[in-house]
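To keep things clear, I will list the structure first and then write my remarks on it.
The values are calculated or read from the model by the stated rules, or taken from the named source; none is laboratory data. Keep in mind that this is a model prediction, so the values were computed, not measured. Using ideal geometry, Cβ is built from the backbone for each residue, glycine included, and neighbour counts are taken over all protein chains shown.
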Ligand SMILES: [Zn+2]
């Protein structure tokens with residue numbers, strides 16, 4: 001089973017997903033392995049852009065009652081809609097086929113063109129979780145083949161020195177987004193209060209105050225003008 005849970009928010013201020021009407025632009029899709037990855041690696045960016053129409057997919061933990069409930073709460077905090085899959089997330093991290101990961105992503109995302117895709121880096125953001133890399137490779141393959149349409153793909157850009165310190169933004173050739181104090185506090189609040197991680201947990205320490213991305217545009221090198229247009233508030 002691929003689609004285990006789909007959350008649609010209610011309320012006038014939140015975009016409704018009814019499968020018929022595409023979201024209003026900028027239309028942004030975040031595809032991550034686990035519930036909490038969306039907040040850890042790009043939560044500040046999302047909180048800074050409540051005007052975006054954001055759809056968040058996690059490929060694992062859809063049948064985990066506790067994590068899926070927390071993810072649903074996080075969607076509300078991030079003013080997003082989303083869906084969860086249920087790919088294996090066991091401690092052995094046995095490899096999944098590229099086709100299985102790609103098919104799961106396609107089954108969970110709405111079939112609309114997006115302005116921006118956000119996802120993991122092939123090497124992940126820390127040392128080490130196989131699913132992060134698998135999701136990244138699947139997203140690049142789907143985007144390059146045209147099965148996912150988007151003007152740009154940004155991958156998270158963090159490193160942890162081979163596990164010697166909490167993840168921090170990669171310093172070279174990345175788009176760096178410093179968060180305001182207020183936005184960083186809201187991001188941290190999702191990690192500690194919604195997901196329930198302690199104030200001194202690895203997750204709380206990984207919730208960087210500067211977010212960083214490697215930016216790719218369709219068929220060409222990074223495009224600063226497009227990046228700027230996506231970041232400008234209306
Ligand atoms: Zn993860």
Out of the stretch 127-163, which residues are within 11 Å of the ligand (Cβ to nearest atom) and in a strand (DSSP E or B)? 156
Exactly one of 35, 50, 95 is modelled with pLDDT under 95 and closer than 19 Å to residue 154 by Cα, and that one is 50
Identify, by number, the condition in (1) modelled with pLDDT of 95 or more; (2) over 24 Å from residue 160 (Cβ atoms) that residue 217 doesn't meet. (1)
Within the stretch 55-74, restricting to residues that are under 10 Å from the mean Cα position of the chain (by Cα) and without any contact (Cβ under 8 Å) to a residue 40 or more places away in the chain, the one that is nearest to the ligand (Cβ to nearest atom) is 58
Out of 182, 199, which single residue is surrounded by fewer than 20 Cβ atoms within 10 Å (Cβ to Cβ), more than 14 Å from residue 40 (Cβ to Cβ) and in contact with a helix residue (DSSP H, G or I) (Cβ under 7 Å, 6 or more places away or on another chain)? 199
Checked the stretch 24-45 for anything in contact with a strand residue (DSSP E or B) (Cβ under 7 Å, 6 or more places away or on another chain) and in a loop (DSSP other than H, G, I, E, B); matches are 24, 25, 26, 33, 34, 35
Give me the pairs: first residue in the stretch 113-126 and touching a residue at least 24 places away in the same chain (Cβ under 8 Å), second residue within 11 Å of the ligand (Cβ to nearest atom) and in a strand (DSSP E or B), beta-carbon distance under 8 Å, and six or more apart or on different chains, which are they? 118/156; 119/32; 119/156; 120/32; 120/156; 121/156; 125/156
Taking the criterion of being out of contact with any helix residue (DSSP H, G or I) (no Cβ under 9 Å at 6 or more places or on another chain) and either away from the ligand (no atom under 14 Å from the Cβ) or under 14 Å from residue 43 (Cα atoms) (or both), would at least one residue in the stretch 116-126 satisfy it? no
Every residue from the stretch 133-148 that is surrounded by 14 or more Cβ atoms within 10 Å (Cβ to Cβ) and touching a helix residue (DSSP H, G or I) at 6+ places or on another chain (Cβ under 8 Å): 134, 135, 137, 138, 139, 141, 142, 148
Please work out if residue 153 is crowded, with 18+ Cβ neighbours inside 10 Å and within 15 Å of the chain's Cα centre (by Cα). yes
Checking residue 92 against (1) in a loop (DSSP other than H, G, I, E, B); (2) surrounded by 14 or more Cβ atoms within 10 Å (Cβ to Cβ), only one condition comes out false. Which one? (2)
Exactly one of 52, 41 is away from the ligand (no atom under 16 Å from the Cβ), in contact (Cβ under 8 Å) with a residue 12 or more places away in the chain, buried (at least 20 other Cβ atoms within 10 Å of the Cβ) and under 23 Å from residue 182 (Cβ atoms), and that one is 52
